[in-house]
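This report refers to the structure that appears directly beneath it.
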Amino acid sequence: MDPPELPVAQLVRLTGLFGISANRARVALSRMVAAGEATTDGSGTYRLAGRLRERQARQSSSRAGSTLPFDGQWWVAVVVTSGSSAEIRTARRRSLAHARLAELREGVWMRPDNVDVRLPEDLRSDVELMTARPRTPDRLAGGLWDLPAWAGRANQLLDEMADLPPERSQALAPGFELSAAVLRHLQADPLLPEELLPSGWPGMRLRTDYDRWDARYRATLREWSRA
């Protein structure tokens with residue numbers, strides 16, 4: 001949903017598609033509010049917040065797949081601090097991965113500069129961001145990302161969408177799970193420049209087919225909700 005909010009009655013009914021009772025759903029919503037993952041306006045409407053709201057923003061960006069012109073330059077992010085706790089190191093790695101950087105070696109992360117890399121404020125004193133021009137960018141890209149595996153999973157998801165037409169209410173629960181799988185996979189797309197991708201790269205096709213499939217799914221969901 002955009003904005004990411006729904007009335008509690010609709011949320012409870014939707015969770016019923018997955019065999020979750022109304023009581024369990026309401027308890028889960030209360031726990032989400034307590035954990036800072038959702039907010040409520042007091043009138044029965046819940047909205048995503050915190051890390052889940054941030055995840056939805058990343059999903060929307062990944063779904064669009066927008067990139068910038070590429071001139072051969074790469075971003076290089078170098079961790080310049082040491083002695084950080086395990087918790088801080090994990091959070092740092094997560095943030096760098098969310099920026100679609102990949103780890104060349106410990107503390108050194110790279111990617112082509114065809115996407116804008118913006119590090120969180122709390123990382124800027126720990127990480128030095130610079131640019132470089134690799135001599136063998138094709139080999140480097142192939143070593144940083146498992147491109148055949150990503151393409152293979154994308155083709156599998158394309159087949160699964162083709163095998164699950166979302167026009168009937170019986171498709172809502174499995175379709176929701178399939179939709180989540182597609183969005184997760186799009187977040188793992190490195191969004192490389194075309195010249196660094198293998199031939200037949202299915203990234204754009206996955207986005208286009210999913211947009212059409214999702215429009216049909218949402219139409220079915222609206223009809224089911226009105227009923």
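The values are calculated or read from the model by the stated rules, or taken from the named source; none is laboratory data. Because the structure is predicted, anything quoted here is derived from the model rather than measured. Positions of Cβ are generated from backbone atoms using ideal geometry, with glycine treated the same way; all protein chains shown enter the neighbour counts. In case anyone asks, the SASA skips ligands and DNA or RNA and just uses the protein heavy atoms, side chains included. Shrake-Rupley method; radii C 1.70, N 1.55, O 1.52, S 1.80 Å.
Structural remarks
- Taking each residue of region 79-106 that is hydroxyl-bearing (Ser, Thr, Tyr) and looking for partners that are modelled with pLDDT under 90 with beta-carbon atoms closer than 7 Å, six or more apart or interchain, yields SER95/LEU119; SER95/PRO120; SER95/LEU123.
- Output for region 110-133, where each listed residue is touching a Phe, Trp or Tyr at 6+ places or on another chain (Cβ under 9 Å), among the polar types (S, T, N, Q) and part of a loop (DSSP other than H, G, I, E, B): ASN114
- Residue within region 48-59 that is free of Cβ contacts under 8 Å to residues at least 60 places away in the same chain, within 21 Å of SER225 (Cα to Cα) and surrounded by 14 or more Cβ atoms within 10 Å (Cβ to Cβ) present: yes
- Those residues of region 13-28 which are surrounded by fewer than 11 Cβ atoms within 10 Å (Cβ to Cβ) and at pLDDT below 95, in sequence order: GLY19
- Test: GLU37 is modelled with pLDDT of 95 or more and acidic (Asp, Glu): yes
- When region 71-97 is limited to residues that are of a type in the set (S, T, N, Q) and farther than 18 Å from VAL115 by Cα, the one that is most open to solvent (accessible area, probe 1.4 Å) turns out to be SER82.
- Residues considered: LEU164, LEU147, LEU119. Of these, the only one that is at pLDDT 95 or above, within 22 Å of ALA97 (Cα to Cα) and either in contact with a Gly (Cβ under 7 Å, 6 or more places away or on another chain) or of a type in the set (A, V, I, L, M, F, W, C) (or both) is LEU147.
- Residue count for region 198-208 under the criterion of being open to solvent by 40 Å² or more (accessible area, probe 1.4 Å) and either aliphatic (A, V, I, L, M) or in contact (Cβ under 8 Å) with a residue 24 or more places away in the chain (or both): the result is 5.
- Residues of region 11-39 that turn out to be over 23 Å from ALA227 (Cβ atoms) and aromatic (Phe, Trp, Tyr), as a count: 0
- The residue of region 100-138 that is farthest from ARG58 (Cα to Cα), among those that are touching a strand residue (DSSP E or B) at 6+ places or on another chain (Cβ under 8 Å) and of a type in the set (Gly, Ala, Ser), is ALA132.
- No other residue among LEU178, LEU192, LEU157, LEU164 is without any contact (Cβ under 8 Å) to a residue 24 or more places away in the chain and open to solvent by less than 30 Å² (accessible area, probe 1.4 Å) apart from LEU178.
- Within region 107-128, tally of residues that are open to solvent by 60 Å² or more (accessible area, probe 1.4 Å) and either in contact (Cβ under 8 Å) with a residue 12 or more places away in the chain or hydroxyl-bearing (Ser, Thr, Tyr) (or both): 4
- Residue count, region 139-177 (criterion: under 19 Å from LEU104 (Cβ atoms) and not in a helix (DSSP H, G or I)): 2
- Screening ARG51 with (1) closer than 20 Å to ASP116 by Cα; (2) under 15 Å from the mean Cα position of the chain (by Cα) gives one miss only, at (1).
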